[in-house]
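*Asks:* The structure follows.
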Amino acid sequence: MTMTPPLRFETLAVHAGAEPDASTGAVAPPIHLATTFQHGPAGERIAGYEYQREGNPTQDRLEAALTAMEGGAAALVFASGMAAMNALLESLPLGAEILIPHDCYTGLRVLATEFLPGRGISTRQVDFTDIEALRAAISDRTKLFWAETPSNPQLQVCDIAALAGLCRERGILLACDNTFATPALQNPLALGADVAMHSTTKYLGGHSDVMGGALVFAHRDELFERVAHRRHVTGAIASPFNSWLILRGCRSLSARMAMHCANAKKIAGFLAGHSAIEAVHYPGLASHPGHAIAAQQMRDFGGMISIRLRGGREAALRMAGRLQLFVNATSLGGCESLIEHRASVEGPQPISPQNLLRISIGLEHVDDLIADLDQALAD
Ligand code: PLP
């Protein structure tokens, strides 16, 4: 984009990476499906591309959009959020230790316990809401903090700027999973993180029909080059079609997030006042322990809520089974509202409380959603 900066987020989200096609004037970005690109007799690149596993113009458009939206220096898009996470963590040196939060996406826990040890990377879980506990947990081998805020599924909030200060002091990398917040609500790089990670499968895609992941880097440095090389060789790049769908989702992200947040705020208030509910985890509630930090580092509080029911596992499953508009399904960030009993889907050693339901608030009319929740919670 050639307009004078700084452009506001909404404008960047619509235009970055989505400029009209120079060769046809097409306003909607084209999809380039080519796997290979003509080069000179000695492999000289003609237009900068060689082979799709390394890069392709449609993937470049999405990377440009994500770089602009996160205020980074460069981005890499992947086949899924897990592929993005894995590419970064696998790029750490042999013998490295990473610190991850107690509450985090279950895939990260599985990666850390089942796969990373075999590659010489160990993990410790620490309370990321307690900066002194983190400071005390650092060892000579600690190379990276993996923050996730708000966290999945308990919506815990950690202070990204405070973590970044500690990491800078100790020469440790800070990566932040920004999937729940999205760049519309929170920019970890502006708060001092080195890498922002996304499951673009969620709000960025926005329609529950595309899988992808991304890493956005604060600097185009040696770390970026190492991860880019790993992606090129191991082949976890996002396909052009998926990149195109996610780019399309990015363009309407601001409008969708505004409605996700407005609906979630009203629903969190309704649930917090309901006698069948023991606790509502939503950073927008003043009673949330991370509310003040969230209010500082987020522009709004997001569309994810989790609740704990007074009647334990039975009550949670009964409520989930009675809902008519909320679909029982995993994932989040689409137009439709979803609900999930996380303990049932977290594998043999679930960490989520048995009375917890995670809710992705969609774009339906909020009063219809509240009416559905109300009937599902009735005695
Ligand atoms: N991070 C968070 C916070 C998630 O919720 C998920 C998936 O649910 C992932 C990462 C993994 O992303 P993907 O499913 O696209 O691999």
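The values are calculated or read from the model by the stated rules, or taken from the named source; none is laboratory data. Not measured: the values here are computed from a predicted model. As a convention, Cβ positions derive from the backbone with ideal geometry for all residues, glycine included, and neighbour counts pool all protein chains shown. Ligands, DNA and RNA are excluded from the accessible area calculation, which covers all protein heavy atoms including side chains. Shrake-Rupley method; radii C 1.70, N 1.55, O 1.52, S 1.80 Å.
*Asks:* Testing F241 on (1) more than 14 Å from the ligand (Cβ to nearest atom); (2) closer than 30 Å to H288 by Cβ, one condition comes back false. Which one is that?
*Replies:* It is condition (2) that F241 fails.
*Asks:* Inspect all residues belonging to segment 326-344 and state whether any of them is in a strand (DSSP E or B), open to solvent by 40 Å² or more (accessible area, probe 1.4 Å), within 16 Å of the ligand (Cβ to nearest atom) and over 16 Å from F270 (Cα atoms).
*Replies:* yes
*Asks:* Do any residues in segment 27-50 that are assigned by TED's automatic domain parsing to the domain that holds L247 have Cβ atoms under 7 Å from those of residues that are among the hydroxyl-bearing types (S, T, Y), where the two are at least six apart or on different chains, and which pairs are they?
*Replies:* Taking only residues 6 or more apart or on different chains, the pairs are I31/T58; H32/T58; T35/Y51; T36/Y51; F37/Y49.
*Asks:* Any residue that is open to solvent by less than 30 Å² (accessible area, probe 1.4 Å) and of a type in the set (S, T, Y) - is there at least one of those in segment 84-95?
*Replies:* The answer is yes, given that some residue of segment 84-95 is open to solvent by less than 30 Å² (accessible area, probe 1.4 Å) and of a type in the set (S, T, Y).
*Asks:* Let me ask something else about it. Could you please find all residues in segment 153-185 being open to solvent by less than 40 Å² (accessible area, probe 1.4 Å) and of a type in the set (D, E)?
*Replies:* Within segment 153-185, D177 is the sole residue that qualifies.
*Asks:* Being surrounded by 15 or more Cβ atoms within 10 Å (Cβ to Cβ), under 24 Å from R358 (Cβ atoms) and within 16 Å of the ligand (Cβ to nearest atom) is the filter here, so list the residues in segment 111-143 that pass it.
*Replies:* L111, A112, T123, Q125, F128
*Asks:* Enumerate the pairs (first residue in segment 268-287 and over 20 Å from Q375 (Cβ atoms); second residue anywhere and among the small types (G, A, S) and assigned to a strand (DSSP E or B)) with beta-carbon separation below 6 Å, excluding pairs fewer than 6 apart on the same chain, so at least 6 apart or on different chains.
*Replies:* Cβ pairs passing all conditions: H281/S306.
*Asks:* Could you list, in sequence order, all residues of segment 271-296 that are open to solvent by 40 Å² or more (accessible area, probe 1.4 Å) and over 18 Å from N355 (Cα atoms)?
*Replies:* A286, S287, P289, H291, A292, I293, A295, Q296
*Asks:* Looking only at residues that are out of contact with any strand residue (DSSP E or B) (no Cβ under 6 Å at 6 or more places or on another chain) and within 25 Å of R53 (Cα to Cα) in segment 89-107, which one is nearest to the ligand (Cβ to nearest atom)?
*Replies:* G107
*Asks:* Among (1) out of contact with any Leu (no Cβ under 8 Å at 6 or more places or on another chain); (2) outside any loop (DSSP other than H, G, I, E, B); (3) not aromatic (F, W, Y), there is one condition P30 misses while meeting the rest; what is its number?
*Replies:* With respect to (1) out of contact with any Leu (no Cβ under 8 Å at 6 or more places or on another chain); (2) outside any loop (DSSP other than H, G, I, E, B); (3) not aromatic (F, W, Y), P30 is out only on (2).
*Asks:* Please tell me if S252 is of a type outside the set (A, V, I, L, M, F, W, C) and either touching a strand residue (DSSP E or B) at 6+ places or on another chain (Cβ under 6 Å) or within 16 Å of the ligand (Cβ to nearest atom) (or both).
*Replies:* When the stated conditions are applied, S252 does not pass them.
*Asks:* Of (1) of a type outside the set (D, E, K, R); (2) touching a helix residue (DSSP H, G or I) at 6+ places or on another chain (Cβ under 7 Å); (3) open to solvent by 10 Å² or more (accessible area, probe 1.4 Å); (4) free of Cβ contacts under 8 Å to residues at least 40 places away in the same chain, L189 satisfies all except one. Which?
*Replies:* Failing condition for L189: (4).
*Asks:* Based on this model, can you work out whether M259 counts as open to solvent by less than 20 Å² (accessible area, probe 1.4 Å) and among the hydrophobic types (A, V, I, L, M, F, W, C)?
*Replies:* No: the conditions fail for M259.
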